[in-house]
Amino acid sequence: AYITFDSENVNKFVSENELDEIQPLVTVADQQLKDRSGAGFEFTDWLTLPADVHQNELTHIKQAAEKIQSDSDVLIVIGIGGSYLGAKMAIDFLNPVFNNELANQQRSGVKVYFAGNSISSAYINDLIRTIGDQDFSINVISKSGTTTEPAIAFRVFKELLEKKYGKEEAAKRIYATTDGKKGALHDEAQKAGYESFVIPDGVGGRFSVLTPVGLLPLTAAGANVDALMEGAKASQGDFTEADMKKNAAYRYAAIRRILYDKGYTSEILANWEPSMQYLAEWWKQLMGESEGKNQKGIFPSSANYSTDLHSLGQYIQEGRRDLFETVVKLDSPMVDMDLPKLSDNNDGLGYLEGKTIDEINTKAFQGVVLAHVDGGVPNMAIHLPKQDEYTLGYLIYFFEKAVAISGYLFAVNPFNQPGVEAYKTAMFALLGKPGYEEKTKEYQARLR
Ligand code: PA5
């Protein structure tokens, strides 16, 4: 495989025998996925997205991205959950850390800011001030087209856009990514003539990063969408065998399942690059929303190293032993630098002279793996050869394939999210949404 999955450091906790024992279940899960007989099969079209993607669609995305780049300094991407995290993690992964702060000529695309992923008035106000008098466009993303958080943000930023450019020009700066047939956003886009992109029916929110949901924002930000899809396609081809010995995505899923049965019920996705913080946020939704059902599932959490070694590190080393760790490690950084040489050794770092900063980072990674394994934390590592589009496409598909199998190993439907509705019902009732009258009375009484 193009990425390296290293499970050497779970050997102390999971034996090859145990993996052999679970192989028949993995084979059944694989069959269910392949012949579309498993729970939620109607939402498995992401399986073939990389190979099925139409050149026409990519061209449409590139043309829209070019228009955005030519008439705007800023793109406001409005969405939440699966309509937000994929684009956010991909843009962070593929661009310089301070991308939005760079001068225009140092950036390969527009500045991207996200909105509609909270209901914070301070956030909206701060973003409006940050846009200032810069030219901007909006990409509003919602599969259902009815989600409250993005709908609120869209109202605010649409009004801002219309005030700045007038209704007609504003409509040319709004890009709607939504269902192809229904929903409030779909209907509005049709009426107002917004340029529209379709989220396929058979692809759920958290599996949608390789559709226009992720592709338009990241292309506008300057990413090479062809390379991203090529990487995903290679991954699609590489993780097809049911046999775990030939399929690292399945091996990862099986190890997680065995660890869970042994009481390791929380997984930490750790990184060693600040630009990969949101990779974990995207992964947390993918894993948590797919597995966390019927009072089961591994709790997905994350850590950013070495930052969190100075906060969570104590707990990970010596706290309750229900944790295991999966580390995403970049093998060679896109840019490295030497540690400055000094004529004195007042800071005690003389012994590091001659090393690059990334060599030190890598030694820290190796040391932390040893320490955590010694402390009783099973450890897996995913090594990335590069931090580019191809690698990211490959990694996205690896995790998607792994969680599908993992969900079936937990005997849940990995492709629905019924639990997401509970908070909405309570919120709508408290806000007095028509149709919720009975619930309004019930919840108000409880709050009193
Ligand atoms: O995975 C999911 O389905 C959710 O996280 C959704 O992506 C999220 O609620 C946003 O929904 P929508 O795209 O319909 O606005």
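I need the full set of residues from the range 60-103 which are part of a helix (DSSP H, G or I), crowded, with 24+ Cβ neighbours inside 10 Å and either within 16 Å of the ligand (Cβ to nearest atom) or among the charged types (D, E, K, R) (or both), in order please.
Passing the criteria: G82, S83, L85, G86, A87, M89, A90.
Can you name the residue in the range 202-220 that is of a type in the set (A, V, I, L, M, F, W, C) and more than 12 Å from the ligand (Cβ to nearest atom) and, of all such residues, is farthest from K62 (Cα to Cα)?
The selected residue is L210.
Go through the range 343-397 and count every residue that is farther than 23 Å from P274 by Cα and of a type in the set (G, A, S).
6
State all residues of the range 42-59 that are assigned to a helix (DSSP H, G or I), surrounded by fewer than 16 Cβ atoms within 10 Å (Cβ to Cβ) and not charged (D, E, K, R); if no residue qualifies, say none.
Answer for the range 42-59, where residues must be assigned to a helix (DSSP H, G or I), surrounded by fewer than 16 Cβ atoms within 10 Å (Cβ to Cβ) and not charged (D, E, K, R): T48, A51, Q55, N56, T59.
Considering the range 409-421 alone, what residues qualify as being within 14 Å of the ligand (Cβ to nearest atom) and surrounded by fewer than 22 Cβ atoms within 10 Å (Cβ to Cβ)? Lay out the reasoning, then the answer.
Here is the first cut: in the range 409-421, the residues within 14 Å of the ligand (Cβ to nearest atom) are 413-421.
Residues satisfying the conditions are N413, N416, Q417, P418, G419, V420, E421.
Assigned to a helix (DSSP H, G or I), polar (S, T, N, Q) and closer than 18 Å to R256 by Cα, is that true of S302?
No: the conditions fail for S302.
Looking at P24, is it touching a Lys or Arg at 6+ places or on another chain (Cβ under 8 Å) and either assigned to a helix (DSSP H, G or I) or over 22 Å from R257 (Cβ atoms) (or both)?
Working: touching a Lys or Arg at 6+ places or on another chain (Cβ under 8 Å): no; either assigned to a helix (DSSP H, G or I) or over 22 Å from R257 (Cβ atoms) (or both): yes.
So P24 does not fit the description; no.
If I ask for residues that are surrounded by fewer than 22 Cβ atoms within 10 Å (Cβ to Cβ) and either under 22 Å from the mean Cα position of the chain (by Cα) or under 16 Å from D30 (Cβ atoms) (or both), which ones from the range 258-267 would you list?
T265, S266
Quick one: is S275 modelled with pLDDT of 95 or more, in contact with a strand residue (DSSP E or B) (Cβ under 7 Å, 6 or more places away or on another chain) and away from the ligand (no atom under 16 Å from the Cβ)?
No; evaluated as a whole, the condition is false for this residue.
So the check is Cβ under 6 Å with 6+ separation or different chains; which pairs have a first residue in the range 81-101 that's in contact (Cβ under 8 Å) with a residue 60 or more places away in the chain and a second one that's in a loop (DSSP other than H, G, I, E, B) and of a type in the set (S, T, Y)?
G82/S208
Taking helices (runs of 4 or more DSSP H) that do not extend beyond the range 104-176, which have at least 3 residues that are over 26 Å from the mean Cα position of the chain (by Cα) and more than 16 Å from the ligand (Cβ to nearest atom)?
Once the helices (runs of 4 or more DSSP H) in the range 104-176 are filtered for at least 3 residues that are over 26 Å from the mean Cα position of the chain (by Cα) and more than 16 Å from the ligand (Cβ to nearest atom), what remains is 148-165, 167-171.
Which members of the range 370-386 meet the condition of being more than 30 Å from Y397 (Cβ to Cβ) and assigned to a loop (DSSP other than H, G, I, E, B)? So that I can check it myself, show each step before the final result.
Residues of the range 370-386 that are more than 30 Å from Y397 (Cβ to Cβ), as a first pass: 370-371, 374-376.
Matches in the range 370-386: G375, G376.
Could you tell me which numbered condition S406 fails, if it satisfies all but one of (1) surrounded by fewer than 16 Cβ atoms within 10 Å (Cβ to Cβ); (2) in contact (Cβ under 8 Å) with a residue 24 or more places away in the chain; (3) among the small types (G, A, S)?
(1)
Looking at the range 281-297, which of the residues that are crowded, with 21+ Cβ neighbours inside 10 Å and of a type outside the set (S, T, Y) is farthest from the chain's Cα centre (by Cα)? Give the steps one after another, and end with the answer.
Kept after step one, since they are crowded, with 21+ Cβ neighbours inside 10 Å, are these residues of the range 281-297: 282-283, 286-287, 289-291.
Narrowing the set further to residues that are of a type outside the set (S, T, Y) leaves 282-283, 286-287, 289, 291.
Details: W282: 2, W283: 5, L286: 7, M287: 10, E289: 12, E291: 16 Å.
Applying the filter and picking the extreme gives E291.
Can you tell me which of D347, D388, D322 is among the acidic types (D, E) and over 27 Å from the mean Cα position of the chain (by Cα)?
Answer to the selection: D347.
Looking only at residues that are surrounded by fewer than 18 Cβ atoms within 10 Å (Cβ to Cβ) and assigned to a helix (DSSP H, G or I) in the range 177-187, which one is farthest from the ligand (Cβ to nearest atom)?
So, considering only residues that are surrounded by fewer than 18 Cβ atoms within 10 Å (Cβ to Cβ) and assigned to a helix (DSSP H, G or I), the one farthest from the ligand (Cβ to nearest atom) is D187.
Which numbered condition trips up K191, out of (1) within 14 Å of the ligand (Cβ to nearest atom); (2) among the basic types (K, R); (3) without any contact (Cβ under 8 Å) to a residue 24 or more places away in the chain?
Result: K191 passes all but (1).
The values are calculated or read from the model by the stated rules, or taken from the named source; none is laboratory data. Quick caveat, the model's predicted, so the values are computed rather than measured. Ideal geometry is used to build each Cβ from the backbone, glycine not excepted, and the neighbour counts take in all protein chains shown.
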